[in-house]
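Written out below as structure tokens is the structure these notes cover.
Just so it is clear, none of the values below were taken in a lab; they were calculated from the coordinates. All of these numbers come straight from a predicted model, not from anything done at the bench. Cβ atoms come from the backbone with ideal geometry, glycine included; neighbour counts cover every protein chain shown.
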Amino acid sequence: MLRLKILLQYNYIYYVFLIIALLFSFYKINLNYESIYNLDDNKIIGKVINIKEKDKRYTITIKAKENLIGYYNNDLNASLGDTVLLEGNLFKPINNTIPNTFNYKKYLNNNDIYYLMNIDNIKVIKENNNIFYKLKEALNKRISSFNRSKKYLSSFILGNKSYIDSEVYSDYIFNGTVHLFSISGTHINFISGIIFLFLNKLKIKTLSKYLIVSFILLLFGFLVNFSASVSRSLIFFNLIYLNKHYNFNISTKNILFITIFLLIMINPKIILNIGFQYSVMATYGLIISSKKKSGYFNKLLYSSFIAYLFCLPITLLNNYEINMLAPVNNLILIPLITFLVFPLSLLSVIFSFLEPFYFNVILLMELLNNLLANIKIFNIVIPKVNIYFYLVYYIFLIIYIYSINIKYLIISLVLILSFKLKPIIDQNTYVYFLDVGQGDSTLIYNNKEVILIDTGGVYNKTVSDNTILFMKSIGISKIDLLLLTHGDMDHIKDAPNIIKKLKVKNVMLNSNDINDLEKEVLKLKPNIISNYNSKLNFKIYNNYIGSDENESSIISKLRVNNNKILFLGDASKSLERKFYKDYNIKADIVKLGHHGSKTSSDYNFLKNIEAKEGIISSGRNNLYNHPSKETIDTLNDLNIKYYETKESGSILYIFGQHHYTIHTFNP
């Protein structure tokens with residue numbers, strides 16, 4: 001034991017272990033894994049380990065030969081821990097087709113899930129007899145019984161944030177306080193502190209107290225599915241105790257390094273988990289900066305500021321936006337959640353008479369969140385850059401912590417802000433035909449102007465959140481012109497979301513009568529214009545009034561160098577012919593009308609404009625079977641090369657000074 005204690009005093013040992021763990025992780029991440037399932041498998045036997053319900057649709061995680069997630073739309077007769085037979089159709093998740101947005105396929109693969117299933121039937125083979133699963137099932141049902149408060153009870157007790165309204169959750173992200181909804185060290189410290197306080201009253205021996213607390217914390221970890229941040233906290237808690245009990249005298253920083261080593265050995269892909277990244281970096285920053293301030297308020301403010309600085313690159317790599325008020329916002333919400341909301345969450349589940357008070361506290365928290373979210377002047381959009389720039393940022397930040405020399409902090413922050421120069425110095429023009437499913441949305445921009453043609457729109461879903469996130473990732477925070485070609489849902493339903501979340505200087509509608517969707521746009525009182533002077537050599541033809549919205553679609557044209565691109569909205573064949581008769585326009589590239597429907601893409605029109613390439617925006621497995629065979633035959637007959645968003649994802653044209661390149665973002 002003495003030799004071990006001496007050995008553990010050498011700091012380099014912990015760095016060696018950390019490097020070994022990281023190398024092991026990189027090796028495992030880059031291995032090509034072949035799933036044991038294939039698309040022909042339609043019967044899967046496994047244990048139910050997680051159930052989520054939203055809008056009467058169940059998302060069920062099954063532990064089988066290989067974990068998988070299934071979707072079920074009927075009444076569910078299975079419970080947690082049950083062994084079940086699933087019958088249905090397997091399918092593979094797809095990549096993000098809009099760049100720099102959440103990649104669900106990669107996320108699942110990082111959690112060793114390679115197939116999803118649309119479940120037709122579930123048969124319980126063996127009912128659960130595991131007391132821990134019974135407890136988890138009972139807790140889930142208890143929380144679900146609180147209709148008003150279950151969204152926050154699920155979040156603070158089970159770590160399930162899916163019930164929180166998307167608009168409210170977006171405000172938490174905007175305020176830099178969304179991490180408060182992750183089960184983490186704060187929750188572990190609170191629970192262990194309460195239990196220790198109770199056990200101290202009973203005068204129980206130290207070792208017994210530790211074993212009781214460890215068991216309860218492990219049970220809590222099981223209830224929240226051992227999320228990355230909870231796993232980090234649990235291992236860290238136990239190592240802290242062992243270090244103290246055996247007088248190893250290991251520094252807190254090195255205990256964190258041991259924790260990271262053990263977590264990576266258990267799950268090499270955990271370093272890709274955002275919760276793990278936030279938890280580790282915030283903890284590391286707080287450890288190396290401890291004892292720098294005295295007094296509760298000063299410590300809280302300084303801790304919030306340090307955690308913000310160390311988590312900043314993670315936030316930017318995922319959200320491409322920072323809120324300079326985040327430390328202050330955390331100063332307001334951390335005490336509220338730590339000392340009131342979280343304890344009340346636990347107490348309300350046990351004592352239901354507290355739920356009305358808890359609900360009012362939640363309303364207060366949402367009100368504060370909304371008020372803070374309306375302070376937008378301190379928000380800065382930072383485009384995506386290479387991760388190595390952030391490593392340089394961390395070097396200067398750590399030097400600042402150890403030296404307390406403000407110039408290193410200034411250097412690190414100036415480095416972050418310098419990333420905003422990236423889109424300014426770029427001389428290219430970009431045209432993105434965005435994959436918004438069965439709809440239309442096209443982004444045109446250079447370093448002088450940003451134009452968005454249509455927003456897309458799907459019933460009961462907001463597709464433009466991905467568009468907004470993508471635009472921020474390329475440094476765009478405002479739109480010079482939002483051109484809404486006509487009032488159909490699949491083109492403009494998400495316009496209000498765009499106007500609310502980005503600075504939109506001008507909006508243009510077609511010349512037809514205002515319909516209900518367009519009225520929703522007008523309620524936001526944007527600057528409606530009828531003429532637009534573009535710096536991009538972009539021309540709009542908005543003088544058509546037809547018998548319906550398609551017949552009144554706005555047609556527009558972009559010229560970049562010698563390349564001409566025509567955007568047809570949902571123009572019908574008759575409108576195409578009329579447009580050519582009026583303007584006799586030629587175009588090298590054409591965004592085909594009405595998603596490739598047979599009602600558009602007139603043979604003679606495409607022949608006359610001398611199009612060489614065509615873009616079809618349509619959704620995978622769409623109900624209309626767009627594009628039509630007739631349209632495809634027309635394109636082939638005219639030798640027009642075409643791209644489909646449902647096959648190629650978003651399609652990007654990059655126009656340089658002398659030529660252009662085409663890139664696709666495949667599903």
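What's the center-to-center distance, using Cα atoms, between the stretch 407-466 and the stretch 219-265 in Å?
Distance between centres, Cα-based: 40 Å.
Considering the Cα trace of the stretch 426-665, what is its radius of gyration and what is Dmax, both in angstroms?
16.3, 46
May I ask you to list the trypsin sites (Lys or Arg not before Pro) in the stretch 432-473 that are in a DSSP loop and have at most 12 other Cβ atoms within 10 Å of their Cβ?
Details: sites: Lys448, Lys461, Lys472; in loops: Lys448.
Hits after loop and neighbour filter: Lys448.
At R0 = 30 Å, how high is the FRET efficiency between Phe190 and Val414 if r is their beta carbon distance? Nearest 0.05 is fine.
Efficiency for this residue pair is about 0.20.
What would the Debye formula give as log10 I(q)/I(0) at q = 0.08, 0.10, 0.11, 0.12 Å⁻¹ for the alpha-carbon point model of the chain, no solvent?
-0.72, -1.09, -1.27, -1.42
In degrees from 0 to 90, rounded to the nearest 10, what is the angle of the helix 252-266 Cα long axis to the longest principal axis of the chain?
60 degrees
Can you give me the distance in nm between label points at Leu218 and Lys478, each placed 7 Å from the Cα along the Cα-to-Cβ direction?
The two pseudo-label positions are separated by 5.8 nm.
Using a Förster radius of 41 Å, what is the FRET efficiency between Asn200 and Asn103 based on their Cβ-Cβ separation? Nearest 0.05, please.
Numbers: r = 48 Å, r/R0 = 1.17.
Once the sixth-power term is evaluated, E becomes 0.30.
How far, in nm, would the chain grow between Asn531 and Glu34 when pulled straight, counting 0.36 nm per residue and subtracting the alpha carbon separation? Write down the numbers at each step before the final one.
Working: separation 497, 0.36 × 497 = 178.92 nm, distance 5.58 nm.
So the chain would gain 173.3 nm between Asn531 and Glu34.
If you line up the long axis of helix 573-583 against the longest principal axis of the chain, both from Cα atoms, how many degrees apart are they, to the nearest 10?
For 573-583 against the chain, the angle is about 70 degrees.
If one takes the longest principal axis of the Cα atoms in the chain, at what angle in degrees, from 0 to 90 and to the nearest 10, does the Cα axis of helix 185-201 lie?
That helix lies at roughly 20 degrees to the long axis.
Need one number: % antiparallel among DSSP beta bridges in the stretch 590-667, to the nearest 5. Mind showing how you got there, number by number?
Details: 6 of 13 bridges.
Antiparallel: roughly 45 percent of the beta bridges in the stretch 590-667.
Given labels modelled 7 Å from the Cα in the Cβ direction, how far is it in nm from Asp55 to Ser144?
1.8 nm
Running Debye on the stretch 43-129 with equal point scatterers at the Cα sites and no solvent, what base-10 log of I(q)/I(0) appears at q = 0.14, 0.21, 0.23, 0.24 Å⁻¹?
Results for the stretch 43-129 at q = 0.14, 0.21, 0.23, 0.24 Å⁻¹ read -0.48, -0.98, -1.13, -1.20.
Compute the separation of the alpha-carbon centres of the stretch 614-641 and the stretch 148-208 and state it in Å as a whole number.
51 Å
Under the rule of at least 5 residues apart or a separate chain, name every residue whose amide H is placed under 5 Å from the amide H of Asp120.
The answer is Glu87, Gly88, Asn89.
Stretched out fully, how many nm does the piece from Glu630 to Lys523 gain, at 0.36 nm a residue minus the Cα gap?
Values: separation 107, 0.36 × 107 = 38.52 nm, distance 4.01 nm.
Working it through step by step, the gained length comes to 34.5 nm.
Just want the answer: with Cβ charges of +1 for Lys and Arg and -1 for Asp and Glu, which residue in Tyr459, Tyr152, His486 is farthest toward the dipole's positive end in the chain?
Tyr152
Roughly how far apart, in whole Å, are the Cα centres of the stretch 353-380 and the stretch 509-541?
34 Å
Restricting attention to the stretch 227-324, which trypsin sites (Lys or Arg not before Pro) occupy a DSSP loop and are surrounded by at most 14 other Cβ atoms within 10 Å? All intermediate terms of the calculation are to be shown ahead of the outcome.
Details: sites: Arg232, Lys244, Lys253, Lys269, Lys291, Lys292, Lys293, Lys299; in loops: Lys291, Lys292, Lys293.
In loop regions of the stretch 227-324 (DSSP not H, G, I, E or B), the sparsely surrounded trypsin sites (Lys or Arg not before Pro) are Lys291, Lys292.
For a Förster distance of 22 Å, can you work out the FRET efficiency between the beta-carbons of Ile274 and Phe26, rounded to the nearest 0.05?
Values: r = 18 Å, r/R0 = 0.81.
Once the sixth-power term is evaluated, E becomes 0.80.
Need one number: nm distance between label points at Asn247 and Val168, each 7 Å from Cα along Cα→Cβ, rounded to one decimal.
5.3 nm
When only DSSP loop residues count, what trypsin sites (Lys or Arg not before Pro) in the stretch 117-156 have their Cβ near at most 14 other Cβ atoms within 10 Å? Could the numbers behind the result be given before it?
On the way: sites: Lys123, Lys126, Lys134, Lys136, Lys141, Arg142, Arg148, Lys150, Lys151; in loops: Arg148.
Answer by residue number: Arg148.
Taking neighbour Cβ counts within 10 Å as the exposure measure, how do Phe351, Phe222, Phe305 sort from fewest upward? Don't skip to the answer; put the middle values down first.
Details: Phe351 11, Phe222 14, Phe305 18.
Sorted ascending by nearby Cβ count, the order is Phe351, Phe222, Phe305.
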